[in-house]
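Down below is the structure, laid out as C-alpha cells.
The values are calculated or read from the model by the stated rules, or taken from the named source; none is laboratory data. Because the structure is a prediction, the values reported are computed rather than measured. Reconstructed Cβ throughout: ideal geometry from the backbone, glycine too, with neighbour counts over all protein chains shown.
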Amino acid sequence: MANWDSLYIYYISGTGNARMSSQWIGEEAAKRGLKTVVQQIDRLENISMPSGNDKPLIGFAFPTHGFNAAPIMLKFIAGFPPGLCREIFLLNTRAGMKLSKIFLPGLSGLALLLPAFMLWLKGYKCIGFRPVDLPSNWISLHPGIKKSVVESIYSKREPQVRKFANKILSGDKVYRGIFSIPVDLLVSPIAAGYYIGGRFFLAKTFIANNKCNNCGICIKECPTSSIRYVNNRPYWKLTCESCMRCMNNCPQRAIETAHGIATLIIILVSAVNTWIFMLLIDTLKISPDAWWWKIGSQFISIAVMITLASLIYIVMHYLMGFRPLSYLVRFTSLTTYPFWRRYRYRREKKDPGKAGNDLTTT
Ligand SMILES: Cc1cc2nc3c(=O)[nH]c(=O)nc-3n(C[C@H](O)[C@H](O)[C@H](O)COP(=O)(O)O)c2cc1C
C-alpha cells in the first residue's frame, strides 16, 4: 500500500495537453488528501523540489517530440537531483487523432523508455508509465484538429488519465504501453535523428509575417526562451523545440511555418550533400560502402542541413523587411491560409481551492 504524503508533478506542455493531464492527476491526489504540487518547468526556472520532511511520489509529464520526450524535459531529468524519493511515474502525451469514429494513437518511440532509464540510473524506480493520446498539436504538418473532435478526444482520455492516477496513487504498478516497445525501439533511429538534427531544422521554419504587431506574447510565452527580436521582428533561435505554443497562441495568427523556404532548404541540402560526398569520395578515395562512411556521412548531412538552414534563415529574416519578399515567404506557407486551423485546447482553469487541499499549480 502506498504511503506517500505528497505528490509532485513536473510538466512541460506546448499547447496544454500535458498540462491538463498533470492537472487531472493532481486533482485525484488532492482528493485523497495528499499535498499536491503541479509544476511547470518552463525555462527550467523557479522549480521547487520536495523538502527533506516530505515522503513524495514524483511524476513527470511531457509531450512526445520526434519519438522522444521533449528535449527540455530530458534536460530537466538529466539535471534532476537523485534521492528525493524512491518512486516516480511518467506520462507522455502523443498525437491522438480521430477518423470517423475511430480514435487513432500516436507513437512514443523512446519518450517513456529513455526518461525511465535516466531516472533509474539516478536510483529512482518507475512504478508506472503511460502514453496518452490527446489531440495532435503539430500544426506545421497538418491543420489543427476541429474543435468538436478535440472535445471528443478529450472526453475519452480524461477518465483514462484519472484512472491511471488512482491506480498509481493506490500503490498499483501501471506499465501501459509496454506492448508497443518493439515498435518504439524500431523507430529509435528516427528519434536519434530528430534529436541531433531534425529539431534544429524545424526551429528554423518559423516566421512572423507582416501581420505581426510586435505584441511580444510569443517571446514571453516561449518555454525555452528561444524567440527574440532581431531587426524589430521575432526571430527563432536554434534552441526552439517546436512546441507550437507560439504559433497556436499568436492573437494575430501572424506566426507561420515557412513551408516554401523549408522545401528550398531541403532541395539545397541534398544538392550540397551530393556535391560534398562526391568531392570527399574522389579526393580521399573513400569506399562508399565502408561502414564508417555510412555513419559518418549521416553526420555530415546533418551538419550541412543545420548550417544551411541557419544561413538561409538569417538571410530570409532580413529580406522579409522588404514587402514583396515578406509576401512571398508568407504565401508559400500553407499555415497562412484560413483552412489551416490552429490547435487550441482551452478549458476554464479550475479553482485550485475547489479541487482539494493543497493543489498548487504554476
Ligand atoms: C515537433 C513535434 C513532434 C511531435 N512528435 C510526435 C511523435 O513522435 N509522436 C507522437 O505521437 N506525437 C508527436 N507529436 C504530437 C504531440 O506530442 C502531441 O500533440 C502532444 O499531445 C502535445 O502535448 P502538449 O499540448 O502538452 O504540448 C509531436 C508534436 C510536435 C509539435
Q: State all residues of the stretch 237-261 that are within 13 Å of the ligand (Cβ to nearest atom) and either touching a Pro at 6+ places or on another chain (Cβ under 7 Å) or at pLDDT 95 or above (or both); if no residue qualifies, say none.
A: C240, E241, S242, C243, M244, R245, C246, M247, T257
Q.
Just the residues that are surrounded by 23 or more Cβ atoms within 10 Å (Cβ to Cβ) and more than 16 Å from the ligand (Cβ to nearest atom), please, taken from the stretch 3-27.
A. L7, Y8
Q. Restricting the first residue to the stretch 213-242 and requiring it to be in a helix (DSSP H, G or I), which pairs with a second residue that is of a type in the set (S, T, N, Q) and surrounded by 14 or more Cβ atoms within 10 Å (Cβ to Cβ) meet a Cβ separation below 9 Å and a spacing of at least six or different chains?
A. I217/N249; C218/N249; I219/S225; E221/N249
Q: Test S170 against the criterion of being within 28 Å of A262 (Cβ to Cβ) and either away from the ligand (no atom under 13 Å from the Cβ) or at pLDDT below 95 (or both), and give yes or no.
A: no
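Is at least one residue of the stretch 282-302 in the same structural domain as E221 (by TED's automatic domain parsing), within 21 Å of the chain's Cα centre (by Cα) and of a type in the set (S, T, N, Q)?
Looking for residues that are in the same structural domain as E221 (by TED's automatic domain parsing), within 21 Å of the chain's Cα centre (by Cα) and of a type in the set (S, T, N, Q), one finds none in the stretch 282-302, hence no.
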Q | Residue list for the stretch 28-43, filter: touching an Asp or Glu at 6+ places or on another chain (Cβ under 7 Å) and either under 10 Å from I9 (Cβ atoms) or within 13 Å of the ligand (Cβ to nearest atom) (or both) | A | T36
Q) Is it the case that some residue within the stretch 90-102 is over 16 Å from the mean Cα position of the chain (by Cα) and touching a residue at least 24 places away in the same chain (Cβ under 8 Å)? A) yes
Q | Residues of the stretch 150-195 that turn out to be of a type in the set (A, V, I, L, M) and surrounded by 14 or more Cβ atoms within 10 Å (Cβ to Cβ), as a count | A | 11
Q: List the strands (runs of 3 or more DSSP E) that sit entirely inside the stretch 1-100 and contain at least 2 residues that are among the small types (G, A, S).
A: 56-63, 87-99
**Q.** Residues (of a type outside the set (G, A, S), outside any helix (DSSP H, G or I) and more than 10 Å from the ligand (Cβ to nearest atom)) located in the stretch 182-212
**A.** K204, T205, F206, I207, N209, N210, K211, C212
Q.
Just to be sure before I move on: is N46 within 16 Å of the ligand (Cβ to nearest atom) and either crowded, with 18+ Cβ neighbours inside 10 Å or not assigned by TED's automatic domain parsing to the domain that holds G198 (or both) in the structure I sent?
A. no
Q | the stretch 10-29 residues that are touching a residue at least 12 places away in the same chain (Cβ under 8 Å) and acidic (D, E), paired with ones that are surrounded by fewer than 24 Cβ atoms within 10 Å (Cβ to Cβ) and part of a helix (DSSP H, G or I) (beta carbon under 6 Å, 6 or more apart) | A | E27/A355; E28/R162; E28/N166
Q: Identify the residue in the stretch 58-73 that is more than 18 Å from P223 (Cα to Cα) and more than 8 Å from the ligand (Cβ to nearest atom) and, among all such residues, is surrounded by the fewest Cβ atoms within 10 Å (Cβ to Cβ).
A: I58
(Q) Looking at the stretch 76-100 only, could you name the residues that are within 16 Å of the ligand (Cβ to nearest atom) and of a type in the set (D, E, K, R)? (A) R94, K98
